[in-house]
Amino acid sequence: MKNVLFLLAFSTGLAFAQAFPTKPVQLMVAYPAGGSTDIAARIVAAIAEKDLGQSIVVLNKGGAGGQVGWTEMSRAKPDGYYIGFINLPALNTVILDPDRKAAFSVDAFVPVINQVLDPGIIWVKGDSPYKTLKDLLDAAKKNPSKISAATTGILSDDHLAILMMEEAAPGALFRIVHFDGGAPVMTAVMGGHIECAFDNVGSVFRRIRTGELRALAVMDTQRSPFIPDVPTMKELGYPTVISSSTRGIAVPKGTPQPVVKRLELSLKKAMDDPEHLKKMEEAGLQLRIMVGEEYAKYYRELHTKAAKYTEWARSRPHK
Amino acid sequence: MEGLQYLASGFASALTPANLAFALAGCVLGTLIGVLPGLGPAAGTAILIPLTFTLDATGAIIMLAAIYYGAMYGGTITSVLINVPGEAASVVTCLDGYQMARQGRAGAALGIAAIGSFVGGVFAAAALVMVAPPLARFALSFGPPEFFALMFLGLCLVTGLAGQSLAAALLMTVLGLLLALIGIDPVRGAPRFTFGIPELYDGLGFVPVVMGLFGVAEILLVVEAPFRRLVETKLSGLWPSAEEWKRSGGAIGRGTAIGFFLGLIPGVGAVIPTFMAYILEKRLSKHPERFGTGAIEGVAAPETANNAYANASMIPLLVLGVPSSPTIAILMGAFIINGLTPGPFLFKERPDLVWTVIASFFVGNVILLVLNLPLVGLWARLLRLPYQYLCAGTLLFCIVGAYSLKGTLFDVGVMLVFGIIGYLLRKLGFPLAPAVLALILGPFMEKSLRTSLEMSAGDFGIFVTRPISAALLACAALILAVSALRLAALKSIRGGGS
């Protein structure tokens, strides 16, 4: 009798895993269509659905810096049919900033697989007097809070990166000016209204190649394949100034493990596919595939790190 | 002359079958909207925005621009045939157009209106090609403080020129700005005025609000209007006679100039150019007594001015990102929905899109000319449709459109509530244009204001120490002062008379 029960339990579990998916899977992107998260999501969805045997529908739920989409995802039924992209550290700071009144906690999402890691970068106008990171930091030390630095938004990875830079180079203080996304940052720095920008490689490397912009440092431990001439923070002696924006897929808490594994299998296969590699390269997006526990650990550690800098950001005068 | 090179590639793209089809569809739909009494370009573009959502950005904007021009022309048809202007800019056309129709010259009136519109529209679009690139280059030197000052100036112009009461216009501007504050704070990220309703986190949707204020409110007003009978007239002889041609030539030229220059100034609105063109013709005429009895130049001048204005008013939008009228604000909304911010950077970042759209203005004007002359009879027959069906059908279309924006009933509710608000405001004589412009400019103004203050570490002096910003703000102050004085003078004249 016991055996029968065990067999029954085992076979239903198995049947469940085999049964998934029986209908299309929705892949939520918390940003509007056409953005870089959306582009990458569509590339991987188109490849992964072949292996999954069901179509993967990209669902754009943009708004409030991702908060609208993540709120919806945290409330979705955890059955594997509603999965979504989590952008880090944007998701972390939405949770950490009490002003945002987020309706979900860090545990609401279970990371499955990371796709993209877009490293941070410091850049200036092509004809700027600052030729190196040292020039810029010396100026920021000599005239504290006078050198303006643009971010793509308050508590974005770029904002946190400025704080990391100030922490690693004592005495250097920037005047932080927040913009709404990459396009207005470009406008303000190119127009000569702001001295430097903290940004991501993916959004500026083409203009760096043409010489319109000058990159001072990439905030990573290894050089970017898109701009191999630009030194890393580690090489320049600031190994703690490591910042990036990552995008990966997560499921709502409570999704059955066999379903998670099934999704992970198809998504991993798709991300290793040569077609995926080629298309991501064309889109200028740097891959950093992290699966399972590795990704979960990254998510947790980043949350702790983001908590520290979010606290700083909120207490710093002239936020 | 870099503009001409870009324009050539713009034409190549505007003339692809798909984009041509969007322009054609836009012209037909726009004319239809213009013909339907009460529904003007603002209502038309607002109601039809959801139709363009499935298109790419270029197609959507081409189609909406074509709807705009189409509606401007469609309004003429009803002015001439039933003495009811299809939209406000065709009010003047009634004066002589309807008289011409009674004398059996409806065809010639509509013909000269189409030809004048074509000349005015093409000239304004050509001027856009010349002036836009250098202007856009100049505007590239604008930083956040200059953009704030520019948008502030734009709002002051709209407020100063709207309606009879500066107080009422200011109230509407503030209402628009307040509505624009709803949603997540763009800098700090905290929710504002959302009352815990998640749908409000992204702010009030611009499209459902304008669909309500213009579309639904207009329908409610139309329902009230008395039914008008159609003049039973034969629509033969669309081609004006040699004598009529002679009289119209100068009027078309002057109408073009008036429409073009007034189109550059935000807030003038489509009505003022038509009145000015009409009055100028009357003053210049050797027989001013013929005006009002069916003078063809009384049709040619305002119709030309109104289309030149429509095309020229694209210049402030495309070059500076400042919409000059509610219709243009709705077009700006279409850019924003597609992830594009109109302004100098659009010329730099997406020249392909900008020049395709500009080329489509020429294409649209040609389509309107060849489409409308032969189809006038068909449009006229549409006027015989009973109002009740038209109104019910249009309202249904609005509801489906609002629902299709995001697939939520919330937007339908927003539209209906703003329909009622718009109806009441119109009844009470409050101008809607300042509210709509403030609503769309509000978020941009707030962002540039706060970014400027971050740049200056909180010092408001940044707006007056930078020369361009200081000059723009001085203009804004001057405009408010002048319009306050003008309205005060108007009031004392009236007060003394009664």
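List of remarks:
- Candidate lysines for bridging to A:Lys268, where Cα separation is under 17 Å - those fewer than 8 sequence places away on the same chain excluded: A:Lys50, A:Lys278, A:Lys279
- Using a Gaussian network model of chain A in which every pair of alpha carbons under 10 angstrom is joined by a spring, one finds that among A:His303, A:His159, A:His193 the greatest mean-square fluctuation is at A:His193.
- Set of the range B:429-450 residues, backbone N closer than 17 Å to the point 7 Å along the Cα-Cβ line of B:Ala88: B:429-440
- Multiplying each eigenvalue of the alpha-carbon gyration tensor of the range B:130-224 by 5 and taking the square root yields semi-axes of 28, 23, 15 Å, largest first, rounded to whole angstroms.
- What the Cα atoms of the range B:254-404 give is an Rg and a Dmax of 18.8, 56 Å.
- Residue-averaged 222 nm ellipticity for the protein assembly as shown, from DSSP H runs of 4+ at -39500 (n - 2.57), nearest 500: -20500 deg cm²/dmol
- Based on C-alpha pairs under 8 angstrom that are at least 6 apart in sequence, the range B:2-493 has a relative contact order of 29 percent.
- Taken along the Cα-to-beta-carbon direction at a fixed 7 Å, the label points for A:Ser55 and A:Glu275 span 1.6 nm.
- Each of B:Leu181, B:Ser9, A:Leu173 was placed along the dipole of the protein assembly as shown (beta-carbon charges, centred on the mean Cα), and the one lying farthest toward the positive end is B:Leu181.
- Stokes-Einstein D (µm²/s) once Rh is taken as the Kirkwood radius of the range A:119-243 over alpha-carbon pairs, at 20 °C in 1.002 mPa s: 153
- Amide H partners (placed H, <5 Å) of A:Ile121, local residues excluded: A:Asp199, A:Asn200, A:Val201, A:Met219
- Over 15 Å [Cα-Cα, the range A:224-288], rounded percent: 69
- Using a simple spin-label model with pseudo-atoms 7 Å out from Cα toward Cβ, A:Ser145 and B:Gln5 lie 4.8 nm apart.
- Farthest toward positive dipole pole in the range A:119-243 [+1 Lys/Arg, -1 Asp/Glu at C-beta], among A:Thr187, A:Leu136, A:Phe205: A:Leu136
- The residues A:Lys253, A:Lys125, when put in order of fewest to most other Cβ atoms within 10 Å, stand as A:Lys253, A:Lys125.
- Of A:Lys125/B:Lys348; A:Lys142/B:Lys447; A:Lys23/A:Lys261; A:Lys142/A:Lys308; B:Lys348/B:Lys406, pairs whose Cα-Cα distance is over 19 Å: A:Lys142/B:Lys447; A:Lys142/A:Lys308; B:Lys348/B:Lys406
- Shown here is the pair-distance distribution of chain B: with all Cα-Cα distances grouped in 20 Å bins from zero up to the longest one, the shares run 24, 58, 18, 1 percent.
- Working note: Cα atoms of the range A:127-181, range along each principal axis, descending, whole Å: 27, 27, 17.
- Relative to the dominant Cα principal axis of chain A, helix A:36-52 is inclined by about 20°.
- Per-residue Cβ neighbour rank within 10 angstrom, fewest leading, B:Cys27, B:Cys475, B:Cys156, B:Cys94: B:Cys475, B:Cys94, B:Cys156, B:Cys27
- Between the helical axis of B:166-180 and the longest alpha-carbon principal axis of chain B there is an angle of about 60 degrees.
- With the simple spin-label model, which puts each label point 7 Å out from Cα in the Cβ direction, the B:Arg486 to B:Leu221 separation comes to 2.1 nm.
- The mean count of C-beta atoms from other chains within 10 Å of the C-beta of residues in A:125-135, rounded to a whole number, is 0.
- Candidate lysines - alpha carbon under 22 Å from B:Lys491, same-chain residues fewer than 8 apart omitted: B:Lys427
Taken together, the values in this text are just the output of simple stated rules run on the coordinates, not laboratory data. Values in this document were obtained by computation on a predicted structure and should not be read as measured data. Backbone-built Cβ (ideal geometry, glycine too); neighbour counts: all protein chains shown.
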